[in-house]
Amino acid sequence: MTGSIFNIPFLAVAALVGIALYIIMSQRNLIKLVMGITILESAVNLFLVTLGYRGGGVAPIFTNAPEGIMVLPVPQALTLTSIVIGVAVTALMLSMIVLTYRHTGDIDAEKSRQMKG
Amino acid sequence: MDALVIHSPILIIAIPLLAAFLTPLISKASNRARDVLVIAALAFTEFLVIVLAKDIYLTGIHVYTLGASSPIVTIPEQYMVPVRIILEVDAMSIFAGIMSATVCLAGAIYSLSCVREETGKDRFYTLLLLLTVGQLGMEFTGDMFNLFVFLEILSISGAALAAFRTRFADAVEGGFKYMVISSVGALLVLFATGIFYAQYNLLNIAALAQAMQYTMLDKIALTLLVIAFLMKSGGVPLHWWVPDTYTPAPAGVSPMIYSATLACMYALYRICFTLYGVALNAATIGWIVIIAGVLSMFVGVTMALHQSDVKRLMAYHVISQGGYMLLGVGVGLAVLDNPEALATYGREAISGGLFHVINHAFFKGLLLLTGEALFYRLGTRDLNKMGGMARNMKFTCVFFLIGALAISGVPPLNGFASKLMIYEAAYQLNPILTIVAMIVSIITLASFTKVFQSAYTGPALSQYKDVKEVPMSMLIGMGILAGATIFFSLFPSLVVNTIIYPAADALIDQAAYINAVMGGV
C-alpha cells in the first residue's frame, strides 16, 4: 500500500495546487481566475479522495459487502459536500462576471475596476 | 427551560436556517409577515444566545452531539474517539455568539426600511439569515469540516449580499472580490482538514488537539489555516478586499459582513489557542500575529486619512482597528508557553484584544450604519459634496458622534477601556508596540474629525434643504448598537468580569476544551 505508485495522485495534487495558485495570482482575465479557483478545488478534492483510498479496497457499502478491506467512507462524504459547495461558488462567481461585463464591457481585472486607492 | 438550554446550541443555528427558507414562501403571502418573521427569528436567536450564555457562565462548557441518543454523549459506546459532529460552546464561543447575534439583529432591523425600494427583497432576507447562520455556526462548531461548511455558507451569502445592488458596478466588483478571497481561503481550510484527517483519522477539534504531534505536516496545515483566516479577517498584507467589499454593500449588511469578518478572526484564535495550544511554537506565531496587527493598524489608518468616500474611509478603519485585536491577542499568544508572563500581562492582553473585538463590532457597526444613512438620504458618499447635515439629521449625528468618539479611544467610552488594556499589556512585551498603537489612535481621531466637519457641520447647503431624518427602523437599528456601546462604556468592569475574562480564560485553558469532549481521558 505504500508502494510508489500510490504516491502519484499526491504528486498530481501538488502540481495542480501549484498551477492553480499561479493562475490565481497571475491572470487578469476574470474567467481565467475562476478557472484557477476551480482547479484548486479539484486538487483539494483529489487529495481527499486519495487519502481515503486503500490498495485493493472495495466500496464502503455494508450490505452484502465482499470480503477484504474497504476504502474510507469519510473522505468521500467530505468530497461530495465540497463538490456541491464548489458548484454554488462557481455559479455565483460566473454570474457576477456576467454583471461586471454588462456594467463595464470588459472582464479584464484592471480595466473593469471601479474602485482604486 | 432546562430542555431549552440543553438544545439551544443547535436551535441557535437551526432557527435562522429554517426562517431563511421560509422567507421566500411567506413573501408570496405578505411582505409585512415576512418582515415580522425575520425579526422574530433573529430576536429569538438573540434570546437563546443570552440564555445559553448565562448557563455557560454558571456551569461551564456545553457540548451538543448531533444524532446521538443524548446530546451530551460525545463518544459512542465501543469507540475511543468522537465520530459524530459535535457542537462545543465555551465562554469564548458564546462571547463571539453574543456579538454576532446582536449585530445581525440590529442590521436586520436597519434594513427593513432601507431596502424597501429594492427588488428581490425575499431573497435579500434569505441571504441575510444565512449570513447569520454561517457566523453562529462557525463560532459554535467543534468540528473541522463543519467549520469549512459554515465558512462557505458565510462566504456565499456575504458575497451575494455585498453585490446585492447589482445596478452599481462597484457593488458587483466588491462581491466578486469577497467571493474570490473566500473561496481560496475556504479551500485552504479544507486542504488543512485533509492533512489532519490523513494523520489522525479525526475531524473533531478537541480530539485533534489531544492527538496533536506538531509534525511537519501539522506545521504546513497551520500555515494554510493562518493564511486563510488572516485573509478573511482583513489583516495586512491580505487586506485589499476589505474597502472594496464594505463600501458598496447595502445598508444593514455592512455591519453583518463585519461581524462575519470577526467570526473568521474567532476561528483564527480558536485554531491557534485550542487546536495547537501548547504544542505550538507560540512565540513565533505570536510575533507573526503581532506584526500583522501592527502593520494593519498603521496601513489601515494612513489609507483612511485621504479617503473622501465616507464608507470607504470607515472600511479602512476596519483594517486598522482589526490590527488592535490582532496585537492584543498576539501578545498573549507570544507568551503562551511562559506561565509567569502569561499571568502578569498575557491574560490581560488577550482580554484587551477580545474586549476590543466586541466593542468595535458595536461602534464600527454603528458608524457603518450612519455612513449608509447619509447615502440613503443624499444619494452620495462623497464627503466633499456634503455639509450641514447635523441640522437635518440630528439623531444620526448624535449616533455618529458616539461611534466616532468611541473608536478614537476618547475616555470614558468603551474604545478607551479596551485600548488601555492593550496598551498596558503590550508595553510589557515591547514598548514600541504601545507607541505605534497610540499614534494610530490619534490619527483615527483626526480622520473622524474630518468626517464630522465635512458631513455634519458647516453652512446648510441649498440642494439638501429638504433632507429629512432617516425612517424609524433605521434609527432603531442604530439605537441598538449605540445603546450597547453606551452600556459597555458605563460598566466596563462589569462587562470585562462577566464575559471577557471567561472568554480569555477559555482560550488559554486548552485542557478544559479537550476534556469536555474526550471526558478527561
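Counting the residues of the range A:73-91 that are more than 7 Å from every other protein chain (Cβ to nearest Cβ) and surrounded by 20 or more Cβ atoms within 10 Å (Cβ to Cβ) gives 2. Do you know which of the residues in the range B:111-123 that are in contact with a Pro (Cβ under 8 Å, 6 or more places away or on another chain) and not small (G, A, S) is surrounded by the fewest Cβ atoms within 10 Å (Cβ to Cβ)? So the residue we want is B:E118.
One residue alone among B:V410, B:V398 is surrounded by fewer than 19 Cβ atoms within 10 Å (Cβ to Cβ), among the β-branched types (V, I, T) and not in a helix (DSSP H, G or I), and that residue is B:V410. For the range B:235-266, a residue qualifies if it is small (G, A, S) and either more than 21 Å from B:L128 (Cβ to Cβ) or over 12 Å from the mean Cα position of the chain (by Cα) (or both), and the qualifying residues are B:G235, B:A249, B:A251, B:G252.
Which of the residues belonging to the range B:446-475 are surrounded by fewer than 15 Cβ atoms within 10 Å (Cβ to Cβ) and assigned to a helix (DSSP H, G or I)? Those that are surrounded by fewer than 15 Cβ atoms within 10 Å (Cβ to Cβ) and assigned to a helix (DSSP H, G or I): B:A446, B:T449, B:Q453, B:S462, B:Q463, B:M472. Take the conditions (1) of a type outside the set (F, W, Y); (2) within 30 Å of B:L161 (Cβ to Cβ); (3) modelled with pLDDT of 90 or more; A:E110 misses just one of them, which is (3).
Quick grid of which residues meet (1) within 13 Å of the chain's Cα centre (by Cα); (2) of a type in the set (S, T, Y); (3) under 20 Å from A:G86 (Cα atoms):
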site	(1), (2), (3)
A:N7	no, no, no
A:F10	no, no, no
A:V17	yes, no, yes
A:S26	no, yes, no
A:K32	no, no, yes
A:T38	yes, yes, yes
A:S42	yes, yes, yes
A:V49	yes, no, yes
A:R54	no, no, no
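Scanning the range B:105-127 for residues that are more than 18 Å from the chain's Cα centre (by Cα), within 21 Å of B:A159 (Cβ to Cβ) and small (G, A, S) turns up B:S111, B:G120. Hey, any hits in the range B:125-136 for a residue that's at pLDDT below 90 and either of a type in the set (G, A, S) or not in a helix (DSSP H, G or I) (or both)? No, there is no match, as no residue in the range B:125-136 is at pLDDT below 90 and either of a type in the set (G, A, S) or not in a helix (DSSP H, G or I) (or both).
On the stretch given as the range B:110-124, residues that are out of contact with any Leu (no Cβ under 6 Å at 6 or more places or on another chain) and assigned to a helix (DSSP H, G or I) total 8.
Every test in (1) in a helix (DSSP H, G or I); (2) at pLDDT below 90; (3) within 14 Å of chain A (Cβ to nearest Cβ); (4) closer than 21 Å to B:G142 by Cα is passed by B:Q210 save one, and that test is (3). Total residues in the range B:303-328 satisfying the condition of being within 12 Å of B:M265 (Cβ to Cβ) and either touching a Phe, Trp or Tyr at 6+ places or on another chain (Cβ under 6 Å) or among the small types (G, A, S) (or both): the figure is 3. Given the structure, is B:L327 farther than 19 Å from B:V398 by Cα and assigned to a helix (DSSP H, G or I)? Spelling it out, B:L327 is indeed farther than 19 Å from B:V398 by Cα and assigned to a helix (DSSP H, G or I).
Residue-by-condition table, conditions (1) touching a Leu at 6+ places or on another chain (Cβ under 9 Å); (2) at negative phi:
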residue: A:I23; (1), (2): yes, yes
residue: A:V34; (1), (2): yes, yes
residue: A:G56; (1), (2): no, no
residue: A:M70; (1), (2): no, yes
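Before we move on, is A:A14 part of a helix (DSSP H, G or I), small (G, A, S) and more than 7 Å from chain B (Cβ to nearest Cβ)? Spelling it out, A:A14 is indeed part of a helix (DSSP H, G or I), small (G, A, S) and more than 7 Å from chain B (Cβ to nearest Cβ).
Note down all Cβ pairs under 6 Å where the first residue falls in the range B:173-192 and is at the interface with another protein chain (Cβ under 7 Å from one of its Cβ atoms), the second is not in a helix (DSSP H, G or I), and they're at least six residues apart or on different chains. Filtered contacts from the range B:173-192: B:E173/A:Q114; B:G175/B:A163. For the range B:419-429, the condition of being among the polar types (S, T, N, Q) and under 23 Å from the mean Cα position of the chain (by Cα) holds for none of the residues.
Return the residues of the range B:304-350 that are among the hydroxyl-bearing types (S, T, Y), buried (at least 24 other Cβ atoms within 10 Å of the Cβ) and under 22 Å from B:A506 (Cα atoms); say none if nothing qualifies.
Going residue by residue through the range B:304-350, those that are among the hydroxyl-bearing types (S, T, Y) are B:308, B:316, B:320, B:324, B:344-345.
Filter once more, so that each one left must be buried (at least 24 other Cβ atoms within 10 Å of the Cβ): B:316, B:320, B:324.
Selection gives B:Y324 alone.
Of the helices (runs of 4 or more DSSP H) lying entirely inside the range B:216-316, those containing at least 2 residues that are more than 14 Å from chain A (Cβ to nearest Cβ) are B:216-232, B:253-269, B:282-305.
The values are calculated or read from the model by the stated rules, or taken from the named source; none is laboratory data. Just so it is clear, the structure is predicted and the values come from calculations on it, not from any experiment. Positions of Cβ are generated from backbone atoms using ideal geometry, with glycine treated the same way; all protein chains shown enter the neighbour counts.
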